[in-house]
Amino acid sequence: ARVWAVGLAVRQAAAEPARAAAVLRDYARVADAGGLARAAAFAVTSIVGFGDDDTAAELVSLALDAARSADDPWSEALTLTTRAMLAHIRNDRPVLERDARRSAELFGGLGDAWGALQATDWLIALADLTGDHARVARLAAADLRTAEELGLWPEVAGRVGWLAWASTQLADYPLAREHGRRARRLAVEQGQHAGEVFATLSLAFAARRGGDPDEAEVHLRGLLAAARGQQQVSGGNPPYLPMVLVELGMLLGQRGEPGAALELHEEALDESPGHDYPPALVGMAAALAADGRPGPAAQLLGAADRAWREVGRAPSVSDRAELDRITAQVRAVEADFAALFARGAALPPQRARSLAQRDRA
């Protein structure tokens, strides 16, 4: 009962993930393999994504061992979706695809349509990681029909959230805001905190990029406050924090606050897994260009180009439009753009980051 209670509390952002971990470790000392398998599968789905990925990975291993010891394919399948989420956070595409597909197979064999939707959610995420947002939209629309037919409203909220995100990345901002509002409403009604955050991200991105900075700032400030709250509670960084920092930095830069924008982009780079987040480098370039420093801006654009290639994906339609706009601005005022861009492309992200600090000094 303690596991279920704290797991629900964590999902509502009303308890620390560490409490769920502690209760789960207590349960592991009880001779109840079947009960532990189910409880562990539920608990790890609650705590993953709060920033402490090492603890989450440890508990996922505990949950998988419990499920296999109890010969419980349902708990194994659910835990595999959680391990797929960890792989998504770490940009580990082979593990993401392997675990999501195996989970779908197990749920399919059990005839569990709800479970199959949990697994295919991460196949949608895989398409997002590879930059195939048209596929994201197709998969989400197909799953949405299934979820609506079954009356699985939390899953409906999640799939509408994916449609909002795909529309944002494909630069269809009116449609993104339409889907985003519905996804957010459904997520709130179903008590899905993560779904609410995801929908709000799409609303924020679509508002700023679609020409409504005031609405965008409301959403971004709210997301940043939620992320800061999670940092204080769990000691880790929620995976959406770098995206929020970059988007807010872009907004401040467009409002004529390049110094504040640069600080947010630098923090986004530092807080991203691997410290190689290409949009943060693009944002730093935009801030430097707005501050009258086109030379280092050109080098940072080169470093961003390298980072995009190293993470194995191209910018989305929306990101590409923003990148092209910033590149054109820098190129127009920097006569040595090509040479500086090439010099920046030879730098790893953290070396490129020091360009802004050196130039500022």
Of Gly158, Gly222, His179, which is farthest along the charge dipole of the range 120-261 in the positive direction, counting Lys and Arg as +1 and Asp and Glu as -1 at C-beta? Gly222
Tensor-based shape of the range 257-361 (alpha-carbon gyration tensor, a/c under 1.5 rounded, otherwise prolate or oblate): rounded
Rounded to a whole %, the carbon-and-sulfur portion of the accessible area of the range 269-361 at a 1.4 Å probe is 52 percent
Would you work out the charge dipole size for the range 6-129 about its Cα centre, treating the Cβ of every Lys and Arg as +1 and the Cβ of every Asp and Glu as -1, and quote it to the nearest 20 debye? 60 debye
Quick calc, the range 201-271, dipole around Cα centre from Cβ unit charges on Lys, Arg (+) and Asp, Glu (-), nearest 20 debye, gives 160 debye
For the residue pair Ala33 and Gln357, what label-to-label distance in nm results when each label sits 7 Å from Cα along the Cα-to-beta-carbon direction? 5.3 nm
Could you let me know the centre-to-centre spacing of the range 221-281 and the range 339-355, using Cα atoms, in angstrom? 21 Å
Just how large is the dipole of the chain about the Cα centre, in debye to the nearest 20, putting +1 at every Lys and Arg Cβ and -1 at every Asp and Glu Cβ? 280 debye
Dipole axis of the range 33-146 (+1 Lys, Arg; -1 Asp, Glu on Cβ), positive-most option in Ser46, Gly35, His88: His88
The range 146-192-the range 14-65 distance, computed between alpha-carbon centres (Å): 28 Å
Helix-only mean residue ellipticity at 222 nm, the chain, DSSP H runs n ≥ 4 weighted -39,500 (n - 2.57), per residue, nearest 500. What is it? -26500 deg cm²/dmol
Tell me which of Pro73, Ala142, Ala204 sits at the most positive position along the dipole axis of the chain, charges placed on C-beta atoms (Lys, Arg +1; Asp, Glu -1). Ala204
Cβ-based net charge around Gln169, under 11 Å, with every Lys or Arg adding one and every Asp or Glu removing one: -2
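The values are calculated or read from the model by the stated rules, or taken from the named source; none is laboratory data. Only a predicted model underlies this, so the values are computations on that prediction, with no experimental measurement involved. With ideal geometry, Cβ positions are generated from the backbone for all residues, glycine too; neighbour counts draw on all protein chains shown. Ligands, DNA and RNA are stripped out before the accessible areas are found, and what is left, the full protein with its side chains, is counted by its heavy atoms. Shrake-Rupley method; radii C 1.70, N 1.55, O 1.52, S 1.80 Å.
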